[in-house]
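The values are calculated or read from the model by the stated rules, or taken from the named source; none is laboratory data. It should be emphasised that the depicted structure is a prediction, and the values quoted were computed from it without experimental measurement. Every residue, glycine among them, receives a Cβ derived from its backbone with ideal geometry; neighbour counts consider all protein chains shown.
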Amino acid sequence: MSFIATQQRWDTFLAKIRDRFYEVLNKTEAALPLLFEATDFETITFQNAWQGIYSQASDLIHKIENTWFDKVEQTFLDLDIDYDNAQFIKERNKGFKLQHELQQELKSYEVRIFADAAKKLVSNAKDTLSKDFCCTQCQAKLPIKDNFFRSYYTTCDYCQTVNTFEPGTKARNVEHFAINALGEEAALEHYLKYEHLKFQNYLSDRDIFSKDELITPYRKYVETYLKKRIEVIPDYQGRYEKDLSAKMSFIIDYS
Amino acid sequence: MTDKTNKDDDKEKSLLDDILGNAISSTNKFDEANAGLETKKCKSCGAARPSDTDLQYCDFCGNQFY
């Protein structure tokens, strides 16, 4: 097979992967929000459904490098083209660049679809918490916080009875599900930038961007994520520095 | 060509249906708690727990809560 013919087959394969990838995501665009509402905001069902779709999309992305290393690379090498040949590198990078583009797209899609579901959940929880809750002993109205989603004691001003407030499963899920999705949404641009710089290093097979340069967008990502979390649940303010340091140690100590 | 497109669409739809159906059927369902208030009451005298008291003993009759 000639170089041109191999190149064309490789281009066609990449175009098909791209089309198929967007087809999978486009078809789930409407289905997942419907599922979330139909199951009355069941977060675990939503996450399980997303996991299935994510696997489909992820498998397509990995097909690019698998096909390159299993078949395409050897076909080019059989044409007496060396590993350091500019044309060979260009063809290989074509695949790696598409793989990176689709990975970034999948991450953005995941963040967006989870954030949309999270906003619906927060709205539902706030509606519930804005209702009137009365003391179990004297029926006086009790003040209930609309930005705290755990169980807590609240004392009745009239009869001094200690009431235990249970926010309910949906409100609790704001903390378990929604807060992460909203934080990821707020910080997405910094995360994508961090991944993009890492990819530039990978593509050129050397550190174009130093570890310090990688840390800058990652730090912005973590800071934005944590600040968004505080915006939704102010109680997290007290542990901001501790969480920032813990999340940064992941990249400082282990990368 | 149209047939092929229709077949692809059907296959795609079926795959998505399978994923969503599987997520619904395989997820364990747990009872959901509703938002509300409750008060710890003494089993002996029925008094509610006033503020600034602990959960060990009833403030009115001294009975042990747990």
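Among all residue pairs at least 6 apart or on different chains, which show Cβ distances below 9 Å where the first residue, located in region B:12-38, is more than 8 Å from chain A (Cβ to nearest Cβ) and the second is among the β-branched types (V, I, T) and in a strand (DSSP E or B)?
Pairs that qualify, where the first residue is more than 8 Å from chain A (Cβ to nearest Cβ) and the partner is among the β-branched types (V, I, T) and in a strand (DSSP E or B): there are none.
Would you point out which residue out of A:W68, A:W50 is in a helix (DSSP H, G or I), in contact with a helix residue (DSSP H, G or I) (Cβ under 6 Å, 6 or more places away or on another chain), aromatic (F, W, Y) and at pLDDT 95 or above?
On the way: A:W50 fails: in contact with a helix residue (DSSP H, G or I) (Cβ under 6 Å, 6 or more places away or on another chain).
On inspection, the qualifying residue turns out to be A:W68.
Just checking, does region A:29-44 include any residue being touching a residue at least 60 places away in the same chain (Cβ under 8 Å), surrounded by 15 or more Cβ atoms within 10 Å (Cβ to Cβ) and not in a helix (DSSP H, G or I)?
Within region A:29-44, one or more residues are touching a residue at least 60 places away in the same chain (Cβ under 8 Å), surrounded by 15 or more Cβ atoms within 10 Å (Cβ to Cβ) and not in a helix (DSSP H, G or I).
Only residues that are within 26 Å of A:S123 (Cβ to Cβ), within 7 Å of chain B (Cβ to nearest Cβ) and either over 34 Å from the mean Cα position of the chain (by Cα) or not in a loop (DSSP other than H, G, I, E, B) (or both): list them for region A:148-169, please. Before the answer, list the steps.
Here is the first cut: in region A:148-169, the residues within 26 Å of A:S123 (Cβ to Cβ) are A:148-152, A:154, A:163-169.
Going one step further and asking which of them are within 7 Å of chain B (Cβ to nearest Cβ), we end up with A:163-169.
Matches in region A:148-169: A:N163, A:T164, A:F165, A:E166, A:T169.
Which residues, taken from region A:25-38, are more than 7 Å from chain B (Cβ to nearest Cβ) and either of a type in the set (A, V, I, L, M) or touching a helix residue (DSSP H, G or I) at 6+ places or on another chain (Cβ under 7 Å) (or both)?
Within region A:25-38, A:L25, A:A30, A:L32, A:P33, A:L34, A:F36, A:A38 qualify.
Given the structure, is A:I208 aliphatic (A, V, I, L, M), closer than 24 Å to A:F96 by Cα and assigned to a helix (DSSP H, G or I)?
Against the criterion (aliphatic (A, V, I, L, M), closer than 24 Å to A:F96 by Cα and assigned to a helix (DSSP H, G or I)), A:I208 does not qualify.
Take A:K126 and tell me if it is over 26 Å from B:C42 (Cβ atoms), free of Cβ contacts under 8 Å to residues at least 40 places away in the same chain and charged (D, E, K, R).
yes
Where residues in region A:55-72 are in contact (Cβ under 8 Å) with a residue 40 or more places away in the chain and within 14 Å of chain B (Cβ to nearest Cβ), which of them is surrounded by the fewest Cβ atoms within 10 Å (Cβ to Cβ)?
Once the filter is applied, the top-ranked residue is A:S58.
Look at A:A246 and say whether it is of a type in the set (G, A, S) and within 17 Å of A:S108 (Cβ to Cβ).
Numbers: of a type in the set (G, A, S): yes; within 17 Å of A:S108 (Cβ to Cβ): no.
No, not satisfied.
Just checking, how many residues over region A:113-156 are touching a helix residue (DSSP H, G or I) at 6+ places or on another chain (Cβ under 7 Å), over 11 Å from A:A171 (Cβ atoms) and among the aromatic types (F, W, Y)?
Result for region A:113-156: 1.
Given (1) within 29 Å of A:V122 (Cβ to Cβ); (2) assigned to a helix (DSSP H, G or I), where does A:T12 come up short, assuming only one miss?
Just one mismatch for A:T12, condition (1).
Select, from A:D127, A:D132, the only residue that is within 14 Å of chain B (Cβ to nearest Cβ), surrounded by fewer than 17 Cβ atoms within 10 Å (Cβ to Cβ) and over 19 Å from A:E37 (Cβ atoms).
A:D132
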